[in-house]
Amino acid sequence: MKSLMLFFVLVNLMALFITLSATTSNNEQFLNEDDETQEAISLRGTSRFLAQKNARVVMTCDKYPRVCQAKGSPGRDCCKKKCVNVLTDRLNCGKCGKKCKYSEICCKGECVNPRSNKKHCGSCGNKCKKGNICVYGMCNYA
């Protein structure tokens, strides 16, 4: 709850900053005070915070394969310019582009139905004991 409150405070502060930077202020001076045509000059400058373009380089795994090996990466494999884990990703299960069906999940690179698979009953690696069957994702006696 505190983090949500902090988020809203930061959003409001940013909105206030943007609003104040876009409006004119009393700090403006005029070039020619004697002249009838008075042009305003702002003391804050002409650059705007949001108008600046971010000039950072986007590192995709097709050009930089080591990106996927970095800490915090979703996976070590590169599929369609994205780092994925082919052992658990439903859209790239076992290899790039292999999609699991709607009712299936990807366990160890293999598409399985967790509602009926004895080795992956309900979730990956949840093996039913000997003599049990997997029914609707729960191990039950036969």
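Quickly work out the K118-to-Y102 label distance, labels modelled 7 Å from Cα along the C-beta direction, and quote it in nm with one decimal.
2.9
Under a crude label model (7 Å from the Cα following the beta-carbon direction), how far is K130 from M1 in nanometres?
Output for this residue pair reads 5.2 nm.
So what does R115 come to for accessible area, using a 1.4 Å probe and Å² rounded to 10?
Rounded to the nearest 10, the figure is 120 Å².
Please work out how much accessible surface M59 shows to a 1.4 Å probe, ignoring ligands, DNA and RNA, in Å² rounded to 10.
Probe radius 1.4 Å; accessible area of M59 about 110 Å².
Amide H to amide H under 5 Å from N117: which residues, 5+ apart in sequence or cross-chain, H placed 1.01 Å off N in plane?
G122
What figure, in Å² to the nearest 10, do you get for the accessible area of I105 with a 1.4 Å probe and non-protein molecules left out?
Using a 1.4 Å probe on the heavy atoms, I get roughly 50 Å².
List the lysines whose Cα lies under 19 Å from the Cα of K130, skipping any in the same chain that are fewer than 8 positions away.
Cα-Cα hits under 19 Å: K118, K119.
With each pseudo-label sitting 7 Å past Cα toward Cβ, what's the F8-V67 distance in nm, one decimal?
Calculated label separation equals 3.6 nm.
The values are calculated or read from the model by the stated rules, or taken from the named source; none is laboratory data. The structure displayed is predicted, hence computed values, not measured ones. We place every Cβ from the backbone using ideal geometry, glycine too, and count neighbours over all the protein chains shown. Ligands, DNA and RNA are excluded from the accessible area calculation, which covers all protein heavy atoms including side chains. Shrake-Rupley method; radii C 1.70, N 1.55, O 1.52, S 1.80 Å.
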